[in-house]
Amino acid sequence: MPRPAAPLRSAVWEGEVDGLAFRVVSTPPAAPDAPVFVLVHGLGTSHRYLTRLHAELAVRATVHSIDVPGFGGLPAPKGSPGVADIATALGALLDRIGVRDAVLLGHSMGTQWVVELAAERPDLARAVVLVSPIADRTHRNLPSQGLLLAVDSALEPPRAGLTVFREYLRSGPRWYLAQARHIVRYPLEERVAALTRPVLVIRGSKDRIADLRWCAELRDRAADGTLAVIPGHRHLVQFTAPATVADGIREFLGA
């Protein structure tokens with residue numbers, strides 16, 4: 001049986017950085033020398049679908065889950081900040097809350113934000129974890145991404161799908177689509193190649209969005225890359241297999 005996750009006794013910070021609204025949900029330090037994790041959600045979602053992984057990691061670490069502007073009920077800024085804009089603001093946010101040498105973890109579009117952050121600010125990153133990364137070159141257009149998302153979402157367990165659907169409703173279609181166009185413009189494989197920190201790529205074996213070929217390419221592009229495949233899971237692997245994902249990350253860091 002899976003072990004119970006640590007209860008989330010969290011503190012919440014909300015405020016503006018560089019004119020952009022952020023939310024940080026943090027657990028207390030597990031120990032003075034505990035590792036630090038920063039978790040960043042994907043398009044249309046929030047920290048809520050990262051809660052299970054957050055709890056698993058918090059057993060042995062300090063964990064900060066971050067909601068980016070326009071998602072999770074946060075106000076959307078004027079215009080549509082690109083990946084680099086969000087990454088720069090994330091760096092300033094981590095400066096404000098005193099985070100250094102953290103494991104930066106992103107899911108789906110969140111992988112783009114954390115890769116750009118680690119490329120811009122390597123001082124903030126101990127390592128980078130890419131869970132279900134997007135978007136590969138063969139599907140780097142909105143119709144293809146939409147179709148892959150629809151098919152994969154229909155096959156996710158009902159609780160996982162419902163959690164994400166509620167988040168999509170909260171963010172709204174206008175802001176979702178405004179940010180979605182950045183997904184297909186960002187050359188993730190090129191930016192991964194620029195990283196100086198170890199990179200772990202994690203995918204579910206049944207994920208049609210982050211397929212094996214694409215994830216293996218990201219591993220190979222990284223100067224120090226590792227790929228972990230979780231059997232039987234899909235794009236929301238951090239939700240459906242949080243203990244397995246957390247154990248894989250700990251093994252990667254220990255190695």
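What the table below lists for this structure:
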item: Virtual spin-label span in nm between ARG174 and ARG250, 7 Å along Cα→Cβ; result: 4.5 nm
item: Shape of the chain, Cα gyration tensor, a/c cut at 1.5; result: rounded
item: Positive dipole terminus of the chain, leading residue within GLY79, ALA92, ALA127 (C-beta point charges); result: GLY79
item: Relative contact order (%) - criterion: Cα under 8 Å, at least six apart; region: the range 19-63; result: 55 percent
item: Only Lys, Arg (+1) and Asp, Glu (-1) charged, at Cβ; the range 40-147 dipole about Cα centre in debye; result: 180 debye
item: Euclidean distance between Cα centres, the range 103-144 to the range 221-255, Å; result: 14 Å
item: Coil-residue trypsin sites (Lys or Arg not before Pro) of the range 62-142, DSSP, other Cβ within 10 Å capped at 14; result: LYS78, ARG100
item: Contact order relative to length of the chain, as percent, for alpha carbon pairs under 8 angstrom and 6 or more apart; result: 19 percent
item: Helical contribution to [θ] at 222 nm, DSSP H n ≥ 4, -39,500 (n - 2.57), averaged over the chain, rounded to 500; result: -12500 deg cm²/dmol
item: Of all DSSP beta bridges in the range 1-116, antiparallel share, percent nearest 5; result: 55 percent
item: 17 Å reach of a label modelled at LEU147, 7 Å along Cα-to-Cβ, counting backbone N of the range 194-211; result: 208-211
item: Mean separation of Cα contacts under 8 Å (6+ apart) over length of the range 80-131, as relative contact order %; result: 43 percent
item: Antiparallel DSSP beta bridges within the chain, as percent of all bridges there, nearest 5; result: 30 percent
item: Listed residues PRO157, SER46, THR27: farthest to the positive end of the dipole of the chain (Cβ charges); result: PRO157
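Since every read-out is calculated from the coordinates, none of them should be taken as a lab result. Remember, it's a predicted structure, so these values are computed and weren't measured experimentally. Using ideal geometry, Cβ is built from the backbone for each residue, glycine included, and neighbour counts are taken over all protein chains shown.
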